[in-house]
Amino acid sequence: MGSFHLAAMTLKSLFSKPETLQYPAEVKAPYAGQKGHVVNHVEECILCGMCQRTCPCHCIQASKPERAWTIQPFMCVQCGSCVAACPTHCLVMDPAPTAIATAKHEVRQEVPEQEKAAS
Amino acid sequence: MGKASVIPFGPQHPVLPEPLHLDLVVEDETVVDVLPQIGFVHRGLEKLVETRDYNQFIYVAERICGICAMGHSLGYAETVEAFMGVEVPARAEYLRVIWHELSRIHSHLLWLGLAADAFGFESMFMHCWRLRERVLDIFEKTTGGRVILSVVRVGGVNRDIEDSELKAICGVLDGITDEYQQIMDTLLTDMSVKNRTVGVGALTREQALELSMVGPFARASEVAYDVRSFGRGAYGALTDFQPITDAQGDCYARVKVRCEEVLQSIRIIKELSAKIPAGDISVKVKGSPEPGARAANVLEQPRGECYYYAQGNGTKFLERMRMRTPTSQNLAGMVEALKGCDLADVNMVILTIDPCISCTER
Ligand code: SF4
Ligand code: SF4
């Protein structure tokens, strides 16, 4: 009796649309707020170091003297706590896949001087 | 009576992706004794509590196990909240339970697929994993991750689920229920499944109590112990919660208990999403735990009760973090269940206990 049900289900799935996507012809659009690699829009970064302090993997360095923001993407576990902690919201997560890397590298970004906000 | 010989099983074995090694002492085709050995994937995660502060450790806790990731982060957060005196907002409690029950569904469906595969029931494996995929999709939509959710924090949760989204989740679960019911009927009434499981590896209620078994393994031997029935957190809002038990204590009973727990989890999610209160989803947690502050906590993981213990030392880093996972509780029961079974049934018995060795070794 039970096997009859399963046979019916299996037959049904033979004639219905596949449950999986035919990658790479079809690519799933990411959901809003999906996690991914961390991207810094450096124009707005104030190098406050909050991201560095909250990161559980110690993979971010925000250096004021060098005016540089560095991340080691291979150490990042994409937890999102740096993004949540960033006061200027210049850190975001991008779910798009990154290019294939052949070696572990770090991403170093020069942070431009901010214009003093008119108070 | 034949001569006893020892047959090694694992740590690499086709039925079990987990690195569990057993020395099976067999006489003829019957297992007479079992010596389990673990320790192949020890990662020292508990020690990391000394180098990650109590907020950061949550991301370590959820990496203890890929399947119970949500449960471990929840158990750890509740433990820390207990000794820091944090009152978690009601909405966060509900969301935590909804995600936790979803992860129970995904864990049980994954296990059901693997068990079906071990019976040689390939199409059933495909159907189970197809349904599980929909649960993972819900995770991806609501938390941003499929397996590692990173959604619990000390003091609440990181993300809210809109009420419309909750309705959509209930709709998906309705769809899953229909198909799942058919899969479950197939599995539980199929003759070949029954032939492999009925009466195999049976343990009595007395043995289950004596060996301190937990989770579905114990419930299949009529031990009605389920941490969820304490009614802590949002579980207290459920009108009726009865642990699912079975009297037989054999492999078939364990399959049946897990099968029914999926439907129970779906009912819990639906009830809680109808009752979820509006409000904040987290509170700010400031400061460090007092020196010597300590708390213990239990949580019902998909595989059974998991125990957490944490102790503060006055800094942001905890002094000690300890957990005892359901599988380490169940290893003694597993050895007992294996004694006297056929060599060919060993994989069935181990699978129906659903051991998670990576959790156990941390
Ligand atoms: S938290 Fe944001 S603003 Fe501060 S250093 Fe990091 S990226 Fe820059
Ligand atoms: S996502 Fe998490 S691990 Fe990655 S850089 Fe941010 S805080 Fe660190």
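The values are calculated or read from the model by the stated rules, or taken from the named source; none is laboratory data. Quick caveat: nothing in here was measured; it's all calculated off a predicted structure. Positions of Cβ are generated from backbone atoms using ideal geometry, with glycine treated the same way; all protein chains shown enter the neighbour counts. Accessible surface areas use protein heavy atoms only, side chains included; no ligands, DNA or RNA. Shrake-Rupley method; radii C 1.70, N 1.55, O 1.52, S 1.80 Å.
Below, the figures for the structure above:
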| quantity | calculated |
| --- | --- |
| Hits in the range B:185-195 (condition: surrounded by fewer than 21 Cβ atoms within 10 Å (Cβ to Cβ) and of a type outside the set (Asp, Glu)) | B:LEU188, B:THR189, B:MET191, B:SER192, B:LYS194, B:ASN195 |
| Selected residue (only one of A:CYS76, A:CYS57, A:CYS82 is touching a Cys at 6+ places or on another chain (Cβ under 7 Å), modelled with pLDDT of 85 or more and part of a helix (DSSP H, G or I)) | A:CYS82 |
| Restricting the range B:97-128 to residues that are among the aromatic types (Phe, Trp, Tyr) and open to solvent by 10 Å² or more (accessible area, probe 1.4 Å), the residue that is nearest to B:ILE353 (Cα to Cα) | B:PHE119 |
| Lone qualifier among B:ALA208, B:ALA234 - being under 24 Å from B:VAL97 (Cβ atoms), not aromatic (Phe, Trp, Tyr) and not in a loop (DSSP other than H, G, I, E, B) | B:ALA234 |
| Checklist (1) closer than 30 Å to B:LYS284 by Cα; (2) within 14 Å of another protein chain (Cβ to nearest Cβ); (3) open to solvent by less than 50 Å² (accessible area, probe 1.4 Å) applied to A:LEU6, failing item | (1) |
| In the range A:19-32, the residues that are out of contact with any helix residue (DSSP H, G or I) (no Cβ under 7 Å at 6 or more places or on another chain), exposed (fewer than 14 other Cβ atoms within 10 Å of the Cβ) and facing another protein chain (nearest Cβ under 10 Å) | A:THR20, A:LYS28, A:ALA32 |
| Whichever residue in the range B:38-57 is under 17 Å from B:THR325 (Cβ atoms) and not in a loop (DSSP other than H, G, I, E, B) and, among such residues, is nearest to the other protein chains (Cβ to nearest Cβ) | B:PHE57 |
| Elements of type helices (runs of 4 or more DSSP H) in the range B:81-195, at least 2 residues being within 12 Å of chain A (Cβ to nearest Cβ) and free of Cβ contacts under 8 Å to residues at least 40 places away in the same chain | B:122-143, B:163-189 |
| Residue selected from the range A:45-84 under the condition in contact with a Pro (Cβ under 9 Å, 6 or more places away or on another chain) and within 12 Å of ligand 2 (Cβ to nearest atom), by the criterion least open to solvent (accessible area, probe 1.4 Å) | A:CYS59 |
